[in-house]
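Everything below concerns the one structure shown next.
Computed from the coordinates by the stated procedures, all read-outs in this text should not be read as laboratory data. No experiment lies behind these values; they were computed from the predicted model shown. Using ideal geometry, Cβ is built from the backbone for each residue, glycine included, and neighbour counts are taken over all protein chains shown.
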Amino acid sequence: MVRKVDIDTAESIDVAEFIHHARAVDLRDEAELFALAPSMRKLANNRAFLAAFIESGLEDIGNFQRDNLYSSRSYILGSVTERSFLRMAIWAPPAFSSRLDEDNFFSYERAHNHDFSLLTAGYIGPGYTTTVFRLDRKPVGYVGESVALSSREVIQLEPGRVLLYEAGTDVHTQHPPSGLSVSLNLIVDQADANPQQLYFDTDAMTVLGYVGNTKLKRAAFMRFAAALATDAVSAMLSDLADHHPCSTTRLYAYRALALADPDLSEELAERMDRDPSDVVRMSTRLLDDRFADSHIWG
């Protein structure tokens, strides 16, 4: 379950101090990660670094966050380790969001988990509200799979509060805040644990689809490639479908082949049935509607 602690302190630290504290613990251990909550709370008391960050960005707007591949409302404050970094996230209320070109990066009203651990503190504003669940067992990860969700709780990331979302197991639905809000996030890649990032239907308790990530970029590219409909591209996609080590990437390749040539559905179904992964084998039924309901693009 999402870990929560309310910390009443007037102490503050800066970004460099927080990063120093974070580098002193084993971030792969969720318990040690949560032990950073007091440091995160103290960082949230520091308003000076935000003013300096904004002024620095405006002074050199052409190079501002050039290496940031995340949403336009997510800003990297500093690298912690090779697999972790500190960021600031802006959460817009509906009245504000409606005036923007929303990319739904924060997945409002869509239940999802993460393939990373997330330690977060309320920084500015009332904070978002989130409905959280616990995955009682690790899913295989195919669309339509039944899952066990428990421990439903509604939490607001209000000032003074620190939350830890555990990689893979904590599922949550974000709700827009009542006013413009900002959170501070320590993101820790937990690739060694190999969690899948998924969307869920919390009423039906099923896997709804896959959350956008680097694998999704592969999917979009393969779909574009398949549209070219050349023999060479088809052969390369077929080889990816048979041999790529990532089961989700193999599924994306099968989808691209099915969309490019619907007449291949029967052949593709037979090949998918022989795949070593349940994620692929359990998705053959999606060929009947050409994956129209699979939501595997995010």
Exercise for the section: Give the peptides 251-257, 205-211 in descending order of average Cβ contacts within 10 Å, highest first. Expected result: 251-257, 205-211
Exercise for the section: Starting from the Cα-Cα distance between residue 178 and residue 64, subtract it from 0.36 nm times their residue separation and give me the gain in nm to one decimal. Expected result: 38.2 nm
Exercise for the section: Using only alpha carbon pairs under 8 Å that are at least six residues apart, calculate the relative contact order of the stretch 214-289 and give it in whole percent. Expected result: 26 percent
Handout entry: Separation in nanometres of the label points that stand 7 Å from Cα toward Cβ, at residue 227 and residue 158
Key = 4.8 nm
Fill in the blank from the handout: Here the equivalent ellipsoid of the stretch 214-289, derived from its Cα gyration tensor, has semi-axes (largest first, whole Å) of 17, 14, 11
Completion exercise
Once residue 148 and residue 129 are pulled to full extension, the length gained, defined as 0.36 nm per residue separation minus their Cα-Cα distance, is 4.6 nm
Practice task
Take peptides 195-204, 180-189 and line them up by average Cβ neighbours within 10 Å, highest first, as a rough protection proxy.
Solution key: 180-189, 195-204
Exercise for the section: With an 8 Å cut-off on Cα pairs and a minimum separation of 6 or more residues, tell me the relative contact order of the stretch 3-210 in percent. Expected result: 27 percent
Exercise for the section: Any chance you could get the radius of gyration and Dmax over the Cα atoms of the stretch 1-93, in Å? Expected result: 14.4, 42
Practice task
Give me the orientation-averaged projected area of the Cα convex hull of the chain, in nm², one decimal.
Solution key: 17.0 nm²
Fill in the blank from the handout: Residue separation between residue 54 and residue 239 times 0.36 nm, minus their alpha-carbon distance, gives in nm 61.8 nm
